[in-house]
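The structure appears below as structure tokens.
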Amino acid sequence: MTCHHYSWRPGVAVVLSVFLALGCTSEGTDPSSVSSAGLSSDQATPPPATGYQQQPLGFVTSVLNDADVLPTTSGWSTATAGVWHVNPSPPATEVTDASAPCSPPGVWSATYKAGLPAGSGPVTLLGQAGLQAKESRSWYMRICMKVGAGGLYENQATGTKLGLISVGDAPSTGHCSIIPMIKGDGVQAVKSSWTATVNFECSGVLPTVRFYQIASAGRPIKSDVWQIHEYLIDAGDVDRANGRLRWWIDGKLVLDRTNQKFRTNKSGYYHGLSRWRWAPTWCGIIGVRTRADNYQIDDVFVSVYGKP
């Protein structure tokens, strides 16, 4: 079953029951204001190579947040690089964890509560390069994360979204996304490890496609364990199947998709990579969670290369 996502726009009423009937949901916001003056000068400075193992040479910092402070719920706030927003509901919290691997102790935390139905998520938080989101041909992305509680995680039968990366359509709409997921095992289950998968969804303009992990990767996503996820994405040329996506977990390549069409001139879906959204939906349309699990993030970093 495909795990769908939808975007929210100011002034448009959202009917939750409709979203739940269709599957996964996500929300967004359009830039209107920023809570501090200007963007950091660090935005144009490449980070040190240490800690960004798969980042190619020549990539330039676009988005960086060490998760020490929650973004604003009104307009946009700045961090080391880029601008950030969090929806007030469902709520995220700021917690401390000295074991966080990338920039302890500050950590963002959201909770999948017991009783949460399939097609719902615990938080929506997003980041982009500036008030006018910039598009790029290629992204390197590193996120330090932990999903679960007590050494386990309860997954929906289809899976759980880890976040959404906008590509193809205009940055403010978010109809087309690359969606890394914790793949479900076909039944709702509580387990200590999971396989990885990625969905590409583009509102019917381009076919929905699922990218499967490398068979030898085993079950690389560990429940309730801090892990470092790295992605390298090439959006490819417009109307050509030459895009590529690679995903590493703790330095091990787990997924490598080549020859993918991410963009098309049809209906204006030719845009480059532009925005990351933390809208980690518990997917599908069947099932209700039986336990509480956390999803925590220590760092979000994006560097970019090339014109869209």
Tell me, yes or no, whether the range 174-183 has at least one residue that is out of contact with any Asp or Glu (no Cβ under 8 Å at 6 or more places or on another chain), assigned to a loop (DSSP other than H, G, I, E, B) and over 19 Å from GLY159 (Cα atoms). yes
Verdict on ARG210 being within 20 Å of the chain's Cα centre (by Cα), surrounded by fewer than 21 Cβ atoms within 10 Å (Cβ to Cβ) and within 18 Å of THR158 (Cα to Cα): yes
Would you confirm whether or not the range 98-109 contains a residue that is aromatic (Phe, Trp, Tyr) and either under 17 Å from LYS222 (Cα atoms) or surrounded by fewer than 22 Cβ atoms within 10 Å (Cβ to Cβ) (or both)? no
Expected output for the range 133-149 (first residue on the phi > 0 side of the Ramachandran plot, partner crowded, with 22+ Cβ neighbours inside 10 Å and assigned to a strand (DSSP E or B), Cβ below 7 Å, 6+ apart or cross-chain) is GLY148/ASP293
Unique residue being touching a Ser or Thr at 6+ places or on another chain (Cβ under 9 Å) and either crowded, with 22+ Cβ neighbours inside 10 Å or not in a loop (DSSP other than H, G, I, E, B) (or both) when the list is VAL69, VAL167: VAL167
The range 72-89 - residue that is in contact with a Ser or Thr (Cβ under 8 Å, 6 or more places away or on another chain) and assigned to a loop (DSSP other than H, G, I, E, B) and, of those, surrounded by the most Cβ atoms within 10 Å (Cβ to Cβ): GLY82
Quick check on the range 266-278. Is at least one of its residues surrounded by fewer than 16 Cβ atoms within 10 Å (Cβ to Cβ), of a type in the set (Gly, Ala, Ser) and without any contact (Cβ under 8 Å) to a residue 24 or more places away in the chain? no
Result of the Cβ filter at 7 Å on the range 108-132, keeping first residues that are of a type in the set (A, V, I, L, M) and partners that are modelled with pLDDT under 95 and not in a loop (DSSP other than H, G, I, E, B), at least 6 apart or interchain, is LEU131/VAL34
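Here's the yes/no breakdown for (1) touching a strand residue (DSSP E or B) at 6+ places or on another chain (Cβ under 7 Å); (2) over 13 Å from ASN199 (Cα atoms); (3) buried (at least 18 other Cβ atoms within 10 Å of the Cβ):
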site	(1), (2), (3)
GLY151	no, yes, no
GLU154	yes, yes, yes
THR158	no, no, yes
LYS161	yes, no, yes
PRO171	yes, yes, yes
GLY174	yes, yes, yes
LYS183	yes, no, yes
VAL187	no, yes, no
Of the candidates GLY268, GLY272, GLY306, the one satisfying the condition of being under 18 Å from the mean Cα position of the chain (by Cα), of a type in the set (Gly, Ala, Ser) and within 24 Å of ASP169 (Cα to Cα) is GLY272
Scan the range 213-247 for residues that are within 25 Å of TYR112 (Cα to Cα), part of a strand (DSSP E or B) and not polar (S, T, N, Q) and report the count. 7
Looking only at the range 189-212, filter to residues that are in contact with a Ser or Thr (Cβ under 8 Å, 6 or more places away or on another chain) and part of a loop (DSSP other than H, G, I, E, B); which one of those is modelled with the lowest pLDDT? VAL205
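The values are calculated or read from the model by the stated rules, or taken from the named source; none is laboratory data. None of these values were measured; they are calculated from a predicted model. Neighbour counts run over all protein chains shown; Cβ positions are idealised from the backbone, glycine included.
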